[in-house]
Amino acid sequence: MATLREALAELGMGNPRTLLQSGNVVLESTKTPAALEALLEKAIAERLGLVTDFFVRTAREWGAVLGANPFAREAADDPSHLLVMPLKSAPRAPQVEALRAAIKGRERVAVDGRHAYLVYPDGIGRSKLTIAVVESRLGTRGTGRNWNTVQKLAALARGD
């Protein structure tokens, strides 16, 4: 994570801070989220040899993610089994229905714009609702973070 923070600072990103060891970064930039995603994906591939997607959200967007959570009870009672998946693009209604149709267990899903909310009541590791299934049905790339991490990212982005 230190190497990532250094690379971001060298790219002119202000105050890069990481959360956990999973590539969660909060930084300051005047670029739009889409421009920042493209810049970061290219630069990190060139500098670190790491080809990966970046999912940039503003502090305001993280706040909206918290407010739009359709699974408030799960967030309170079992936050480690509630995932938010930032997506590259917002899926259409038929894609969301295709994802719901692919669910084989007790999982539940809701989508709000470029964010999917997924509940895994029996655990994430044993679920057949994998990120590959989610991405293929929604037709877009995504990355999942559990509710605890989402709250920490939102707080870090707010400056708490």
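The values are calculated or read from the model by the stated rules, or taken from the named source; none is laboratory data. These numbers come from a predicted model, not from an experiment. Positions of Cβ are backbone-derived with ideal geometry, glycine not excepted, and every protein chain shown enters the neighbour counts.
Among the residues of the stretch 101-132 satisfying the criterion of being under 16 Å from the mean Cα position of the chain (by Cα) and assigned to a helix (DSSP H, G or I), which is surrounded by the fewest Cβ atoms within 10 Å (Cβ to Cβ)?
ALA132
Could you tell me whether ALA90 is in the same structural domain as LEU138 (by TED's automatic domain parsing) and not in a strand (DSSP E or B)?
yes
Of the residues in the stretch 125-140, how many are among the small types (Gly, Ala, Ser) and touching a helix residue (DSSP H, G or I) at 6+ places or on another chain (Cβ under 6 Å)?
Counting residues in the stretch 125-140 that are among the small types (Gly, Ala, Ser) and touching a helix residue (DSSP H, G or I) at 6+ places or on another chain (Cβ under 6 Å) gives 1.
Out of the residues in the stretch 58-98 that are exposed (fewer than 13 other Cβ atoms within 10 Å of the Cβ) and among the hydrophobic types (A, V, I, L, M, F, W, C), which is farthest from ALA154 (Cα to Cα)?
That would be ALA93.
Could you check how many residues of the stretch 134-160 are in a helix (DSSP H, G or I) and under 16 Å from the mean Cα position of the chain (by Cα)?
Step one: filter the stretch 134-160 for residues in a helix (DSSP H, G or I), giving 134-138, 147-158.
Pick out the ones that are also under 16 Å from the mean Cα position of the chain (by Cα) and you get 134-135, 138, 147-157.
Residues meeting the conditions: 14.
Count, please, the residues in the stretch 1-29 that happen to be without any contact (Cβ under 8 Å) to a residue 40 or more places away in the chain and either farther than 18 Å from LEU156 by Cα or not in a loop (DSSP other than H, G, I, E, B) (or both).
Residues flagged as without any contact (Cβ under 8 Å) to a residue 40 or more places away in the chain and either farther than 18 Å from LEU156 by Cα or not in a loop (DSSP other than H, G, I, E, B) (or both) within the stretch 1-29 amount to 15.
Go through the stretch 60-84 and count every residue that is without any contact (Cβ under 8 Å) to a residue 60 or more places away in the chain and either of a type in the set (A, V, I, L, M, F, W, C) or part of a strand (DSSP E or B) (or both).
5
If you go through the stretch 21-40 one residue at a time, do you hit one that is assigned by TED's automatic domain parsing to the domain that holds ASN146, surrounded by fewer than 13 Cβ atoms within 10 Å (Cβ to Cβ) and hydroxyl-bearing (Ser, Thr, Tyr)?
Checked the stretch 21-40: no residue is assigned by TED's automatic domain parsing to the domain that holds ASN146, surrounded by fewer than 13 Cβ atoms within 10 Å (Cβ to Cβ) and hydroxyl-bearing (Ser, Thr, Tyr).
Test VAL51 against the criterion of being assigned to a loop (DSSP other than H, G, I, E, B), loosely packed, with under 13 Cβ neighbours inside 10 Å and of a type outside the set (D, E, K, R), and give yes or no.
Details: assigned to a loop (DSSP other than H, G, I, E, B): yes; loosely packed, with under 13 Cβ neighbours inside 10 Å: yes; of a type outside the set (D, E, K, R): yes.
Yes: the conditions hold for VAL51.
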